[in-house]
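Report on one structure; see the data block that follows.
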Amino acid sequence: MKRRWTLGAFILFAGFQMASAQFIANKGLRAGVALSNQSYLFTPIEYLMETDPIFSPSLVLFAEAFKGNDFSLRTDLAFACRGSSTKTQSVLVNHLDGDRITVSEGEKVSSRHRYLSLAPMLRARTERRDMIPYALIGPRLDMLLYYSSQSAYPLEQQNRFILGLSMGVGMEFSMSQRVLLVEIQYQPDLSTVLNTAPLHISNNSLVLTVGLSFGSSHSQRK
């Protein structure tokens with residue numbers, strides 16, 4: 001556990017140093033809420049277990065660089081909680097009866113995976129005086145910090161690094177030397193949380209945040 005927090009602290013420190021570099025146009029902080037869910041796929045029978053989403057807080061540091069008239073590069077460094085809740089299920093496959101599946105349900109439990117998430121994204125925007133709509137898309141790397149579960153059968157041998165995508169839209173509102181941002185992102189996984197047959201798990205999240213951005217480019221904009 002100490003090693004995970006040490007790694008997280010080091011990456012956060014590196015993020016703050018990155019935000020101080022001269023080529024950074026803007027930097028800021030966003031906070032909000034994430035609605036997360038997971039897909040549980042059992043193979044080779046291709047059975048997809050139903051899960052329910054969970055709510056969790058989201059905290060993001062970001063920096064914007066190489067800012068042009070229409071495009072820029074923005075990098076998010078976030079503390080992300082992903083997971084799902086479900087009723088404990090036991091799945092029985094009767095191979096003698098045409099692979100008939102029998103599912104038994106128990107009480108509802110939740111599982112939460114905490115990640116340090118790094119997402120460099122291409123940002124496209126349209127200047128409209130004091131309101132600026134924009135769109136984002138780019139790859140994402142989630143680094144597992146820790147995991148907790150109410151299940152009697154918690155996951156083991158999870159992948160420490162998860163590849164994914166981040167895509168979203170937002171709006172900027174000018175406020176003197178600072179800018180208010182309202183943003184929503186969809187964050188699906190490209191690789192799995194657990195890739196040990198017969199169970200394959202992947203995350204997806206919908207994240208709504210509000211934040212402040214500040215930097216040299218804001219003071220120059222009329």
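Here is a yes/no grid of residues against (1) surrounded by 14 or more Cβ atoms within 10 Å (Cβ to Cβ); (2) aliphatic (A, V, I, L, M); (3) within 17 Å of the chain's Cα centre (by Cα):
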position	(1), (2), (3)
Leu41	yes, yes, no
Glu46	no, no, no
Pro53	yes, no, yes
Pro57	no, no, yes
Val60	yes, yes, yes
Glu64	yes, no, no
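Exactly one residue out of Leu199, Leu118, Leu141 is aliphatic (A, V, I, L, M), free of Cβ contacts under 8 Å to residues at least 40 places away in the same chain and either surrounded by 13 or more Cβ atoms within 10 Å (Cβ to Cβ) or more than 23 Å from Leu61 (Cβ to Cβ) (or both), and it is Leu141. Only one of (1) more than 17 Å from the chain's Cα centre (by Cα); (2) at pLDDT 95 or above is not met by Ser217, so which one is it? In the conditions (1) more than 17 Å from the chain's Cα centre (by Cα); (2) at pLDDT 95 or above, Ser217 misses (2) alone. Identify, please: which residue in segment 172-193 is loosely packed, with under 15 Cβ neighbours inside 10 Å and touching a Phe, Trp or Tyr at 6+ places or on another chain (Cβ under 9 Å) and is, among those, farthest from Leu116 (Cα to Cα)? The residue in question is Gln177.
Within segment 167-183, being of a type in the set (Ser, Thr, Tyr) and in contact (Cβ under 8 Å) with a residue 40 or more places away in the chain holds for one residue alone: Ser174. Can you find a residue that is modelled with pLDDT of 95 or more and more than 16 Å from Arg82 (Cβ to Cβ) anywhere in segment 197-211? Scanning segment 197-211, I find at least one residue that is modelled with pLDDT of 95 or more and more than 16 Å from Arg82 (Cβ to Cβ), so the answer is yes. For Tyr186, the criteria (1) in contact with a Leu (Cβ under 8 Å, 6 or more places away or on another chain); (2) touching a residue at least 24 places away in the same chain (Cβ under 8 Å); (3) of a type in the set (Ser, Thr, Tyr) hold in every case but one, which is (2).
The values are calculated or read from the model by the stated rules, or taken from the named source; none is laboratory data. Computed from a predicted structure; not experimentally measured. Cβ coordinates were reconstructed from backbone atoms using ideal geometry, including for glycine residues, and neighbour counts include every protein chain displayed.
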